[in-house]
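Here is the structure we will look at.
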Amino acid sequence: MRHRHMAGTFSRAMVILLALVTGPVWSAESWDMAAAYPAKDYITSSYIAFAKGVTKHSGGGLKIKVHPSGSLVKGAEIFNAVESGRVAIGGLIIGAHAMEDPVFGLDTVPFLATDVDAAWELYQVSKNALAYALKKRNMHLLFTAVWPPQGLFVNKEVASLADMKGVKFRAYDNNTERVARLAGAIPIQTEATEIKQAFSSGAAESMISSSATGVFYKMWEHVEYFYEGNAWYPKSVVVVNLDAWNGLDGITKEVLVEQATIAEKAVWEAMVPADDNYKKTMTYNGIKVRPTRSKLRKEFKKIGETLSREWAEAAGDTGKQIIEDFDP
Ligand code: PCA
């Protein structure tokens, strides 16, 4: 704990030192936005619509350019890049940072929110805690985007966990890695941009992800099945470096907040129809989209219970309060 704190202090000191030497890499007029997923993915599309809205409604006073597919910063590094000010703004999967603050991992606790309304409710009751935790890491929360429910992509029929034993599994964060381990699979963590390579080389044979990712990485070229899980709805957060945020004038801040509200509403509403379309595309291309078999679902619920317990222990009083306030 002490070491982590010291490491944090040290890296923050380095960042300040670097900024003093080189100055910030962004200006008040022009921001580059780091994004991990493809431009046409509905999540990244929402960032692009948001960026256009800000550019337009600030009369060009603040231009935001989105860099998709990890082209500016790799997905796993966006958090640190925004925190340190290497980029002014970024969109990232927040559950991947549960190690840094348990509140970041709330939306990856399996079976807590099992439909989009519950996921929205969970977000509402945890929003202040989320924004506060981000502020402590030098970031301002603008909005969130919800991913479709997570399901299992796999190259064979799976009726129970026994079928997952020893299966190579691509994980996108520590949570999915932990699920894989508890399921007896063999996880490797990769960026989404490395999915095709992982599956073509045989390093991965399965993964838990969504229909969106299934379509953009043409998973029909690698697997036969997509088992729908509806166990959790991860969120991406759009965050601004706090110094970049504080450097804006009041009117520009208002424009950002307004456009963030519009983008958030649109992307949350877009999720269900987008998911339906992505599943149709997968089916059309030959993936068998199936409900999870009841035995597997039961076994998976057990894994969910373990993860929930672990999360509650780590999240302490803040976590307890959120769970108490959550009434789906
Ligand atoms: N796709 C992302 C994370 C959540 C999702 O549905 C991925 O697989 O990297």
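Details
- Pairs, first within 19 Å of A274 (Cβ to Cβ) in segment 146-160, second assigned to a strand (DSSP E or B) and away from the ligand (no atom under 16 Å from the Cβ), C-beta under 8 Å, six or more apart: F153/Y225
- Of residues in segment 84-106 being assigned to a helix (DSSP H, G or I) and open to solvent by 10 Å² or more (accessible area, probe 1.4 Å), the one farthest from A180 (Cα to Cα): S84
- Looking only at segment 62-71, and only at residues there that are over 25 Å from D101 (Cα atoms) and either among the polar types (S, T, N, Q) or part of a loop (DSSP other than H, G, I, E, B) (or both), the one that is farthest from the ligand (Cβ to nearest atom): L62
- If the condition is being assigned to a helix (DSSP H, G or I) and open to solvent by less than 20 Å² (accessible area, probe 1.4 Å), then segment 216-251 contributes M219, A244.
- Residues of segment 146-181 satisfying the condition of being open to solvent by less than 30 Å² (accessible area, probe 1.4 Å) and of a type in the set (A, V, I, L, M, F, W, C): V146, W147, L152, F153, V154, V158, M164, V167, F169, A171, V179, A180
- Some residue of segment 303-322 being farther than 21 Å from E221 by Cα, at pLDDT below 95 and not in a helix (DSSP H, G or I): no
- Qualifying positions in segment 277-300 - more than 20 Å from E221 (Cα to Cα), open to solvent by 70 Å² or more (accessible area, probe 1.4 Å) and either among the aromatic types (F, W, Y) or part of a helix (DSSP H, G or I) (or both): S294, K295, R297, K298
- Given (1) over 27 Å from L161 (Cα atoms); (2) surrounded by 13 or more Cβ atoms within 10 Å (Cβ to Cβ), number of the condition I303 does not satisfy: (1)
- Positions within segment 168-227 being among the charged types (D, E, K, R) and more than 13 Å from the ligand (Cβ to nearest atom), in sequence order: K168, R178, R181, E205, K218, E221, E224
Each row is one residue, and each column tells you yes or no for (1) out of contact with any Ser or Thr (no Cβ under 8 Å at 6 or more places or on another chain); (2) of a type in the set (K, R); (3) modelled with pLDDT of 95 or more; (4) more than 16 Å from the ligand (Cβ to nearest atom).
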residue: G95; (1), (2), (3), (4): no, no, yes, no
residue: F104; (1), (2), (3), (4): yes, no, yes, no
residue: V109; (1), (2), (3), (4): no, no, no, no
residue: K127; (1), (2), (3), (4): yes, yes, yes, yes
residue: A133; (1), (2), (3), (4): yes, no, yes, yes
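- Any chance V87 is of a type in the set (V, I, T), more than 23 Å from S46 (Cβ to Cβ) and modelled with pLDDT of 95 or more: no
- Residue check for A76: within 16 Å of the ligand (Cβ to nearest atom), in contact with a Gly (Cβ under 6 Å, 6 or more places away or on another chain) and open to solvent by 30 Å² or more (accessible area, probe 1.4 Å): no
- On inspection, V257 passes the criterion of being away from the ligand (no atom under 16 Å from the Cβ) and open to solvent by 60 Å² or more (accessible area, probe 1.4 Å).
- Annotation: of all residues in segment 123-142 being assigned to a helix (DSSP H, G or I), hydrophobic (A, V, I, L, M, F, W, C) and open to solvent by 20 Å² or more (accessible area, probe 1.4 Å), the one that is nearest to V240 (Cα to Cα) is A131.
The values are calculated or read from the model by the stated rules, or taken from the named source; none is laboratory data. Keep in mind it's a predicted model, so treat the numbers as computed, not measured. Note that each Cβ is placed from the backbone with ideal geometry, even for glycine, and that neighbours are counted across all protein chains shown. The protein model used for the area step is the full one, side chains on, heavy atoms only, and it has no ligands, DNA or RNA in it. Shrake-Rupley method; radii C 1.70, N 1.55, O 1.52, S 1.80 Å.
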